[in-house]
1. When only Cα pairs under 8 Å and 6 or more residues apart are kept, what is the percent relative contact order across the chain?
2. Over the stretch 59-137, what is the relative contact order in whole percent, taking alpha-carbon pairs under 8 Å and six or more residues apart?
3. Between helix 17-37 and the chain, what is the angle of the helix's C-alpha long axis to the longest principal axis, kept within 0 to 90° and rounded to the nearest 10?
4. With the crude spin-label approximation of a point 7 Å out along Cα→Cβ, what separation in nm comes out for F54 versus T73?
5. Between N118 and W65, what is the label-to-label distance in nm when each label sits 7 Å out along the Cα-to-Cβ direction?
6. Which part of the stretch 22-49 falls in the paramagnetic zone of Q111, meaning amide N under 20 Å from the point 7 Å along Cα-to-beta-carbon?
7. Run lengths n ≥ 4 of DSSP H only: what is the helix-derived mean residue ellipticity at 222 nm for the chain, with -39500 (n - 2.57) per run over all residues, to the nearest 500?
8. Please compute the Cα-Cα pair-distance distribution of the stretch 1-130 with 5 Å bins starting at 0, giving whole percents from short to long.
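The numbers here are math on the coordinates, done by the rules we state, and not lab data. Bear in mind that the values here come from a model prediction, so they are computed numbers and not experimental data. Here Cβ is always computed from backbone atoms with ideal geometry, including for glycine, and neighbour counts include all displayed protein chains.
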Amino acid sequence: MLRHMAPRSRPEIPNDLRMRLEAARLDLLALFRALDRMNLSAGEIPQRLLRRLFDLDADYAEALWALDQPAATLNRPAMLRDTLAALDRLSQACAQFRKKLPTRAHPILAQLEGSVRNALSPNEAYNMVPGRNPENV
């Protein structure tokens, strides 16, 4: 005998997900640009932790791309699970990265990062997002 099974409901995408992803990408972009402006050698920058931040940024770019795709083309539960987990890791990953920088760099980085972040256009969150022209966001 076959049982009637209710169709699985698609997980709801949180209303603020796009905004959170955009903010995360802009925060990371500000950090990367501020680091680029500092007088730090490659040896003073924790490369493994920097790669982790690059990986998170790539995850956020992919999630922004996924939000623009037809729902039926993606595994929404997996996308949502992975995206929320990546967003949850950002604060700790940034803190670990900053902690490993030379102490003398901390105040300069904070100042540069803030000024860079304030100068960023929200459209820059879509840099390197496939199929998105940041000029038309």
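1. 39 percent
2. Value for the stretch 59-137: 40 percent.
3. 20 degrees
4. Rounded to a tenth, the inter-label distance reads 2.8 nm.
5. 3.4 nm
6. 30-41
7. On the way: 4 runs with 82 residues, N = 137.
Value at 222 nm, helices only: -20500 deg cm²/dmol.
8. 2, 9, 18, 19, 16, 12, 8, 6, 4, 2, 1, 1, 1, 0, 0
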